[in-house]
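S.K.: One structure, as structure tokens, below. Some questions next.
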Amino acid sequence: MSRQELLSPEGLRVDGRRANELRRISCRASVLNSADGSSYYEQGNTKVLVAVYGPREPRSKSLAHHDQATINVEFNIAPFSTSERRKRSKGDKRLLEVASFVKQTFEGAIQTTVYPRSQIDIYIHLLQHDGGTLETCINAATLALVDAGISMVDYVCACTAGFIDETPVLDLNFVEESSIETPDLTVAVLPRSGNIALLQMESRLHSSKLEGVLELATEGCKHIHKKLDEAVLAAAGELAKKLS
């Protein structure tokens with residue numbers, strides 16, 4: 001697919017959005033009664049379910065740290081998440097890669113020293129895939145961790161941005177990020193401090209274009225932060241009603 005097809009002369013993308021528009025976001029917390037914290041998160045047609053357990057006793061004593069918690073992340077893709085019906089093994093490279101990025105992101109955000117000799121498990125299930133897998137996983141995990149009452153220095157909000165036809169574009173969908181002509185960047189930030197928790201790039205991007213793409217992705221993170229905050233307040237309100 002050429003760049004011209006990805007961005008029309010009127011500045012519209014394949015799904016009708018402007019270059020700086022996020023996809024529609026819908027999310028809610030406390031969706032699973034069996035988990036300590038959980039969330040359901042949609043960004044466009046990408047849908048993710050996350051369950052958090054812990055802090056709890058580590059499965060193995062060898063995994064325990066006397067001064068902090070161990071973070072374990074497992075990522076799975078539902079066979080029906082894409083048109084290609086494919087069951088992936090636990091050793092699948094893509095599964096391990098996403099889980100590793102999510103773990104790295106939250107190791108700096110979760111106050112692990114509050115929970116010594118314990119383990120925090122984050123289970124992520126991709127139910128439907130339409131681009132932006134890593135960003136949706138991070139955003140959904142943030143919501144589930146807050147729901148579980150895990151102590152964090154701040155929310156972690158993630159967003160992608162790329163470059164199409166000399167134009168920075170926000171929140172890439174599957175068609176856009178699949179194009180070899182579209183470099184894309186995933187950024188995760190801590191909204192209050194503005195510190196970057198993750199910066200991950202799938203392809204090459206010229207240094208002269210990096211600043212514009214990074215700024216656009218960071219602005220997207222700010223809007224996502226508002227959505228996550230609204231979901232947390234909604235879950236707290238529902239809990240208050242149940243207790244009253």
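S.K.: Taking each pair of distinct Cα atoms in segment 1-48 once, what is the resulting Kirkwood hydrodynamic radius in Å?
M.R.: Values: mean 1/r = 0.0762 Å⁻¹.
Evaluated over segment 1-48, this radius sits at 13.1 Å.
S.K.: Which angle from 0 to 90°, rounded to the nearest 10, does the C-alpha axis of helix 93-107 make with the longest principal axis of the chain?
M.R.: Taking the Cα atoms of the chain, the angle to 93-107 is about 60 degrees.
S.K.: On to the next question. Could you give the length gained on full extension between Ser34 and Glu57, defined as 0.36 nm per residue of separation minus the Cα-Cα distance, in nm? Each step should come with its number before you reach the end.
M.R.: Working: separation 23, 0.36 × 23 = 8.28 nm, distance 1.71 nm.
Stretched fully, the Ser34-Glu57 segment lengthens by 6.6 nm.
S.K.: Would you mind pulling out the separation of the Cα centroids of segment 190-211 and segment 17-44, in Å?
M.R.: If you average the Cα positions of each part, the centres end up 22 Å apart.
S.K.: Follow-up. Sticking with the crude label model, points 7 Å out along Cα→Cβ, report the distance from Leu127 to His223 in nm, one decimal please.
M.R.: 2.3
S.K.: While we're here: Rank Ser30, Ser193, Ser179 by mean-square fluctuation in a GNM of the chain with C-alpha springs under 10 angstrom and give only the top-ranked residue.
M.R.: Sorting by GNM fluctuation, first place goes to Ser193.
S.K.: Right, another one. What number, rounded to the nearest 500 deg cm²/dmol, is the helix-based mean residue ellipticity at 222 nm of the chain, given -39500 (n - 2.57) per DSSP H run of at least four residues and division by all its residues?
M.R.: Values: 5 runs with 76 residues, N = 244.
Counting only the DSSP helices, I get -10000 deg cm²/dmol.
S.K.: Another question, then. Would you calculate the separation in nanometres between label points at Thr167 and Ala240, each defined as 7 Å from the Cα along the Cα-to-beta-carbon direction?
M.R.: Inter-label distance under the simple model: 4.3 nm.
S.K.: Check His65: other-chain or 5+ apart residues with amide H under 5 Å from its amide H, H built from backbone geometry?
M.R.: Thr70, Arg117, Ser118
S.K.: OK, next. Have a look at the DSSP beta bridges in the chain and tell me what percent are antiparallel, nearest 5.
M.R.: On the way: 38 of 46 bridges.
Counting only bridges with both partners in the chain, antiparallel ones make up about 85 percent.
S.K.: Sort 10-17, 151-158, 45-52 for me by packing, meaning the mean count of neighbouring Cβ atoms within 10 Å per residue, highest on top.
M.R.: Numbers: 10-17: 13.8, 151-158: 20.4, 45-52: 23.2.
With the highest mean Cβ count within 10 Å placed first, the list reads 45-52, 151-158, 10-17.
S.K.: Using the alpha-carbon atoms, what tilt in degrees (0 to 90, nearest 10) does helix 133-147 show relative to the longest principal axis of the chain?
M.R.: 30
S.K.: Once you have the Cα-Cα distance between Phe80 and Leu96, take 0.36 nm times their residue separation minus that, and quote the gain in nm to one decimal. The partial results should precede the final answer.
M.R.: On the way: separation 16, 0.36 × 16 = 5.76 nm, distance 1.93 nm.
Stretched out fully, the Phe80 to Leu96 stretch lengthens by 3.8 nm.
S.K.: Report the label-to-label distance for Ile196 and Ser151 in nanometres (one decimal), using points 7 Å from each Cα along the Cα→Cβ vector.
M.R.: Taking the simple label geometry, Ile196 and Ser151 are separated by 2.9 nm.
S.K.: On to the next question. What span do the alpha-carbon atoms of the chain cover on each of the three principal axes, reported in whole Å from largest to smallest?
M.R.: Per principal axis, max minus min of the Cα coordinates gives 56, 43, 37 Å.
Bear in mind that the values in this text are calculations on the coordinates, not laboratory data. Since the structure is predicted, the reported quantities are computational estimates derived from the model, not experimental observations. All Cβ positions, even for glycine, are placed from backbone atoms using ideal geometry, and neighbour counts span all protein chains on display.
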